[in-house]
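Peer 1: Have a look at the structure that comes next, please.
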Amino acid sequence: MLFGISMMANLKIKQDIIRYKKIKALCKGVVLHLGASDNGHDYDLHNFIKQDFEVYSVDLKNADYNFDLNKDKWDINKKFDTVIAPEIIEHINNPYMFIKNCVKLLNKGGRLVLSTPNATSLIYLKNPGWCVNYQGNSYEGDFGHLHTFTNKMLKFLMEKNKINVEGLEYLNGYMKNPFGYFECRGRTARKRI
């Protein structure tokens, strides 16, 4: 059994590397990484992108900008060429306002890169509680998902915020399952000016 756990850990690392490379390939210029705390896989992604880009971070603590992404107004007086939000939007109270705030931080021709689990994936069907926030706000100890999204839902939110969607992609985030638990990844959009 120990071998199985080790094998799953190695598989997760390989999955993260694939995800990191896809996100990094979509970055340009100065990057703002939302949800980049000083631990976990988002910290690893942050350092991976930092190898080739100037990167700033936002999180509740231990970041370049420390605040709750659920706030209506964000206290950042800088513009960025790329804003990345990997697996954040499903934890946000108001996804429309979240995207609106992201757009405000983009330079002309800037790029917003979102990734989120796919609402129609088997993981949600197998674990329906995964997308139900039953203990209040996700940032108060329950890190469950407040929302689920499909490609069409994300595209709708982007277009409502006047963002031109350049691409939508599914990446199999759970390769250990032969039936494939798919997640929506690599949401790219460019600000319309």
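Peer 1: Quote to one decimal, in nm, the extra length available between F53 and I17 on full extension: 0.36 nm per residue of separation minus the C-alpha distance between them.
Peer 2: 11.2 nm
Peer 1: For each pair in K61/K162; K22/K155; K126/K162; K78/K152, compute the distance between the two Cα atoms and list the pairs where it is over 25 Å.
Peer 2: Numbers: K61/K162 31 Å; K22/K155 19 Å; K126/K162 35 Å; K78/K152 30 Å.
Table pairs above 25 Å Cα-Cα are K61/K162; K126/K162; K78/K152.
Peer 1: May I pose another question? Largest first and in whole Å, give the semi-axes of the stretch 69-114's equivalent ellipsoid, each being the square root of 5 times a Cα gyration tensor eigenvalue. Show your work: numbers first, answer last.
Peer 2: Details: eigenvalues 59, 31, 12 Å².
In descending order the semi-axes read 17, 13, 8 Å.
Peer 1: So how much slack lies between K78 and K104, counting 0.36 nm per residue of separation and subtracting their Cα-Cα distance, in nm?
Peer 2: Details: separation 26, 0.36 × 26 = 9.36 nm, distance 0.97 nm.
Additional length available on full extension: 8.4 nm.
Peer 1: Multiply the residue gap between T150 and D64 by 0.36 nm, knock off their C-alpha separation, and tell me the result in nm, one decimal place.
Peer 2: Values: separation 86, 0.36 × 86 = 30.96 nm, distance 3.11 nm.
Stretched fully, the T150-D64 segment lengthens by 27.9 nm.
Peer 1: Can you tell me the relative contact order of the stretch 40-95? Whole percent, Cα pairs under 8 Å, sequence separation 6 or more. Kindly include the intermediate steps, with their values, before the conclusion.
Peer 2: Numbers: 30 pairs, mean separation 10.9, N = 56.
Relative CO of the stretch 40-95 lands at 20 percent.
Taken together, the values in this text are just the output of simple stated rules run on the coordinates, not laboratory data. Quantities reported herein were computed from a predicted structural model and do not represent experimental measurements.
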